[in-house]
Amino acid sequence: MPDTASVAFLGLGHMGTPMALNLVRAGYRVAGFDVVPAALETAREQGVPVAASASAAVAGADVVLTMFPSGRHVLDAYRGVPLPGQPADAGLLAAARPGTMFLDCSTINVEEAREAAQLAIDAGHRAVDAPVSGGVVGAEAGTLTFMAGGGAEDFEAVRPLLEAMGKRAVHCGAHGAGQAAKICNNMILGVSMIAVSEAFVLGEKLGLTHQALFDVASAASGQCWALTTNCPVPGPVPGSPANRDYQPGFASALMAKDLNLAVNALEGTGVAGSMGTLAARIYDRFAAEGGAGRDFSAIINEIRGASERRPGNVYAGEGAGTEVPDRRRATTAHDDGSPE
């Protein structure tokens, strides 16, 4: 995909806007759109050219890049199901010229990604799913990692565009494989952040300083990204969100969303993923009780508070069967962490 290609960038949230801006800086001809007027205006003020509608952005584009909250949003936009308060639309697939590349960077269910790709192909287009890792900071710095699913030729076609927004693009396999890699990766991340947070709270109870535990674990078998890059306590890692009152970063609402996508995949494949399921329950509760907009490392405060209230109890609730909001099929946050 030449750096003079035209890109319709749909979904200009906290991640989408800097991603689109990096494409503009790289020489791509960008037309952005978002159904939220404030987001559209912010993107325009920051230097992203905007269109009057999604259809107007898509018309004539070489690439249609979507960054949406959920798979249902992607499928509805492709087909043309109108959003609340929005006029009826023929849909992105119908608005695009034949052979357009549909590049979906949302984080959605694997089966939804495959369905979206098939819809695009059946309509005479090309498709790649390429969810991202790296958060708002990575989007702003152009250091995102993209996990791509689709044909090898299509991946190579979009690779230059992905590399204009990030530092790494990995071809993970056929359609849906990018989503599969993202879901598996973030399940590891969510589970490990809970484990790291539990360890720091336990260390506090045992009289360890945060620095002492960090110095040992970061150089021993407990070393992991959740510890050495996104440390949940202030001090040891100056750049971690814990040093700025847990401002994301990667919001807990998004971690809850991604973990529930993982639970969907676990159930769909029959994998006995006990830790992933429990992590989803823990983050669901934390997000529902006020933590949605805080960095996912703020889960340490939930663990610390629950430990003070009733030492020894599982903080996800009174045992494994505790009911919490079921958010596996419906999400309430944009991919960038802002509310819908």
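With the crude spin-label approximation of a point 7 Å out along Cα→Cβ, what separation in nm comes out for ALA152 versus ARG168?
So the two model labels end up 2.2 nm from each other.
Which order do the peptides 13-21, 208-216, 43-51, 289-297 come out in when sorted by mean C-beta neighbours inside 10 angstrom, highest first? Could the numbers behind the result be given before it?
Working: 13-21: 25.4, 208-216: 15.1, 43-51: 16.7, 289-297: 20.7.
Listed from highest to lowest mean packing, they are 13-21, 289-297, 43-51, 208-216.
How tilted is helix 152-165 with respect to the longest principal axis of the chain? Cα atoms for both, answer in degrees (0 to 90, nearest 10).
Relative to the chain, helix 152-165 is tipped by roughly 70 degrees.
Place a point 7 Å from Cα of ARG72 in the direction of its Cβ. Which residues in the stretch 247-280 have their backbone N less than 20 Å from it?
Within reach of a label on ARG72, which here means backbone N under 20 Å from a point 7 Å along Cα→Cβ, the stretch 247-280 contributes 253-268.
Taking the dipole about the Cα centre of the chain, with the C-beta of Lys and Arg at +1 and of Asp and Glu at -1, give me whichever of HIS125, VAL7, GLY293 is farthest to the positive side.
GLY293
Kirkwood hydrodynamic radius of the stretch 68-227 from all distinct Cα pairs, in Å?
The Cα-based Kirkwood calculation yields 17.8 Å.
Grab the other residues whose beta carbon is less than 13 angstrom from that of LYS205, score K and R as +1, D and E as -1, and report the net.
On the way: positive: ARG304; negative: GLU198, GLU204, GLU308.
Net of charged neighbours comes to -2.
Determine the relative contact order of the chain: mean sequence separation of Cα pairs under 8 Å and six or more apart, normalised by residue count, in whole percent.
Details: 667 pairs, mean separation 48.6, N = 340.
Computed over the chain, the figure is 14 percent.
Would you mind getting me the FRET efficiency between GLN247 and ARG97? Use the beta-carbon distance for r and R0 = 30 Å, nearest 0.05. Don't jump to the answer; show the numbers that get you there.
On the way: r = 42 Å, r/R0 = 1.39.
Given R0 = 30 Å and the Cβ-Cβ separation, E is 0.10.
Return the ratio Rg/(2.2 N^0.38 Å) for the stretch 1-136, where Rg is computed over Cα atoms only. If you can, show how the numbers build up before the last one.
Working: Rg = 13.5 Å, N = 136, 2.2 N^0.38 = 14.2 Å.
Rounded to two decimals, the normalised Rg is 0.95.
Can you run phi through the Karplus equation (6.51, -1.76, 1.60; θ = phi - 60°) for the stretch 50-62 and list ³J(HN,Hα) in whole Hz, with x for Gly and Pro?
For the stretch 50-62, the Karplus-derived couplings read 10, 10, 6, 7, 5, 4, 5, 5, 6, 4, x, 6, 7 Hz, x marking Gly and Pro.
Helix-only estimate, please: 222 nm mean residue ellipticity of the chain, summing -39500 (n - 2.57) across DSSP H runs of length 4 or more and dividing by its residues, to the nearest 500.
On the way: 14 runs with 155 residues, N = 340.
Value at 222 nm, helices only: -14000 deg cm²/dmol.
I need the fraction of alpha carbon pairs in the stretch 166-280 separated by more than 20 Å, rounded to a whole percent.
On the way: 3266 of 6555 pairs.
I get 50 percent for the Cα pairs in the stretch 166-280 exceeding 20 Å.
Which angle between 0 and 90 degrees, to the nearest 10, do you get for helix 110-122 versus the longest principal axis of the chain when only C-alpha atoms count?
Helix 110-122 and the main axis of the chain meet at about 0 degrees.
How far apart, in nm, are the 7 Å Cα→Cβ label points at ARG79 and CYS184?
That separation, rounded to one decimal, is 3.0 nm.
Quick one: of the DSSP bridges fully inside the chain, what percent are antiparallel, nearest 5? Could you put the intermediate results ahead of the total?
Values: 5 of 29 bridges.
Roughly 15 percent of the beta bridges in the chain run antiparallel, per DSSP.
Angle between the Cα long axis of helix 16-25 and the longest principal axis of the chain, 0 to 90 degrees, nearest 10?
The helix 16-25 is inclined about 50 degrees to the chain.
Taken together, the values in this text are just the output of simple stated rules run on the coordinates, not laboratory data. All of these numbers come straight from a predicted model, not from anything done at the bench. Heads up, the Cβs are rebuilt from the backbone with ideal geometry, glycines too, and the neighbour counts pull from every protein chain shown.
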